[in-house]
Amino acid sequence: MRIDHLIAGRSVAGRDYFTTVNPATQEVLAEVASGGEAEVHAAVAAAKEAFPKWAGLPAPDRAKLVRRLGELIAKNVPELAQAETNDTGQVIAQTGKQLVPRAADNFSYFAEMCVRVDGHTYPTPTHLNYTLFHPVGVCALISPWNVPFMTATWKTAPCLAFGNTAVLKMSELSPLTAARLGELALEAGIPAGVLNIVHGYGKEAGEPLVRHPDVRAISFTGSTATGNRIVKEAGLKKFSMELGGKSPFVVFEDADFERALDAAVFMIFSNNGERCTAGSRILVHKAIYAKFVDRFVARAKKIAVGDPLDEKTIIGPMISQGHLAKVRSYIELGRKEGASLLCGGVDAPLVSDRVKKGNYVAPTVFADVDNRMKIAQDEIFGPVACIIPFADEAEAIRLANDIQYGLSSYVWTENIGKAHRVAAAIEAGMCFVNSQNVRDLRQPFGGTKASGTGREGGTWSYEVFLEPKNVAVSL
Ligand code: NAD
């Protein structure tokens, strides 16, 4: 298979190609066009040309086309889910039942929403002030390799629904499903040039895109290191930066133990642990620490690791051999730092013949972790849990906040006052109380500190994809 760029509604061949590989089998899935400055310039020019007509469409007409794209995704869930699983190693139970259906929902949700964009009025005795919301123009949408289709649609849906045009750049490690998104957008009747896709590497394709003077807004999801680079490269633009995380999962002694345990296991091992909102620092009150660790390890040992196309698999392969090496290096480091390795480790787990060349890591649990260790401070982005004891509420809050990141957080307690106090005190963009991460499309999604700036979701997506203008009329 060959994947080309999509520019002005046409498939554009690359001057060069790279391969995308199935991380479960190492088979080459496709030759992918590798874009650079020339393709980025052509794509931005196409988006700029398409912008006035698309922005000028009445919102209900745009909504119809955006909704139709969501319907086409919904119709193609099995095909898209299989492609996403093959390209990323994310297990089919997640891609087929959660991630691709949610991608379809993103379009229906923002189609509904774009017809409701309204303004405010601020009357004074001398002036009538009112707000207009304009689309921004050409937006750069940059997606990482974990849950790439969901992330790309989470950006594309509000971007297009609000009247902007886009150049989408997927991660070089996971371009397959976005290529289908481009085809489905055209099939839905979204005009040529409204959604353009340039494939390629960060340095060659990403950098010219974020630097381009005609790009007015950047919605980026990826690592904190790349986010920092983009902010420096891009100059003055609108930004939404959804970056890394190392989220605290705090379990107090009075928590509903079984539910907290379930959620803790889910929040670090689902999506292969390659999840920005993973509860990767599990802080447990010392009164229940030993019991929690025992039960957590027993659960981790039972998790099915293997073929991501098998409905029963919970953990599939890591996205690439490079990432596998990174995750293993952190497991080695954890041992050197003195944490107790209770299960998992660097040895590859046993898997079926079909996937025996896959990039596998067994669910790994470190206990007796000190929050200052690097395994507790760095985003490992794999199925590696760090369990840290704490003595009281004040220490739990101090440990939760003693980190550069601030994306998500989880608090488990049956004490209502404590739940609210701790939720308020944790430095994070999101806090889930007695719950795993449950996404509501209206909620502000995003992080603070090194986890990013800006929020997306519901009206929060106005921040990046709409430009408010105040009109003051003298009376
Ligand atoms: P990454 O930063 O390496 O790459 C992300 C994207 O940026 C890719 O498309 C890449 O090609 C591109 N890129 C790289 N260098 C660039 C440059 N100089 N200019 C422009 N674009 C460039 O991240 P990754 O390894 O693909 O993804 C994993 C990271 O993403 C983790 O840190 C994870 O926490 C984060 N993430 C965050 C969220 C969130 O919502 N906060 C969601 C998912 C993933």
To the nearest 20 debye, the chain has a Cα-centred charge dipole, built from +1 on Lys and Arg Cβ and -1 on Asp and Glu Cβ, of 360
Dipole check, the chain, charges on Cβ (K,R +1; D,E -1), about Cα centroid: among 388, 191, 470 the Cα furthest to the positive pole belongs to 470
Tell me, Kirkwood radius of the range 260-411 from alpha-carbon pair distances, in Å?
15.6
Cα-only radius of gyration and Dmax that characterise the range 3-130, units Å
20.4, 71
Restricting to lysines and to Cα separations under 17 Å from residue 336, and discarding same-chain partners fewer than 8 apart, the set is 326, 374
Taking the convex hull of the alpha-carbon atoms of the chain and averaging its shadow over every direction gives an area in square nanometres of 23.1
Counting all Cα-Cα pairs in the range 179-229, those more than 12 Å apart amount in percent to 72
Hey, what angle do you get for helix 176-188 against the long axis of the chain, alpha-carbon based, 0 to 90 degrees rounded to 10?
30
Once the convex hull of the C-alpha atoms of the range 400-456 is built, how many Å³ does it hold per residue, rounded to a whole number?
77
Restricting attention to the alpha-carbon atoms of the range 208-249, what are Rg (one decimal) and Dmax (integer), both in Å?
11.5, 42
Regarding the range 96-184, what is the average projected area of its C-alpha convex hull, in nm²?
7.1
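To the nearest whole percent, what portion of all C-alpha pairs in the range 223-271 is separated by more than 14 angstrom?
The answer is 65 percent, as a whole percent.
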For the range 211-244 versus the range 405-424, the gap between their alpha-carbon centres in whole angstrom
30
For the chain, find the longest principal axis of its Cα atoms and tell me its angle to the long axis of helix 59-75, 0 to 90°, nearest 10.
40
Would you mind listing how long the range 367-435 runs along its three principal axes, going by Cα atoms, in whole Å with the largest first?
32, 25, 20
So what is the orientation-averaged projected area of the range 135-182, using the convex hull of its C-alpha atoms, in nm²?
2.9
In the range 87-184, what trypsin sites (Lys or Arg not before Pro) fall in a loop by DSSP, with at most 11 other Cβ atoms inside 10 Å?
116
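As a test, work out the antiparallel percent of DSSP beta bridges whose residues both lie in the chain, rounded to the nearest 5.
45
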Alpha-carbon Rg/Rh ratio, for the range 69-144, with Rh computed the Kirkwood way
1.25
Which GluC sites (Glu not before Pro) in the range 18-69 sit in a loop by DSSP (not H, G, I, E or B) and have at most 11 other Cβ atoms within 10 Å of their own Cβ?
27
Computed over the range 135-225, Cα set: Rg, Dmax in Å
12.1, 37
Can you give the Rg/Rh ratio of the range 110-267, where Rg is from the C-alpha atoms and Rh is the Kirkwood radius?
1.09
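Using the eigenvalues of the Cα gyration tensor, what equivalent ellipsoid semi-axes result for the range 224-346 when each is taken as the square root of five times the eigenvalue, whole Å, largest first?
29, 20, 16
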How large is the Rg to Rh ratio of the range 203-289 when both quantities use alpha carbon positions and Rh follows Kirkwood?
1.21
When N counts the residues of the range 16-60, how does its alpha-carbon radius of gyration compare numerically with 2.2 N^0.38 Å, as a ratio?
1.85
Helix 321-337 vs. the chain, principal-axis angle (Cα, 0 to 90°, nearest 10)
40
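Where a number appears in this text, it was derived from the coordinates with a stated rule and is not lab data. This structure is a prediction, so every number in the text was calculated from the model and none was measured. Every residue, glycine among them, receives a Cβ derived from its backbone with ideal geometry; neighbour counts consider all protein chains shown.
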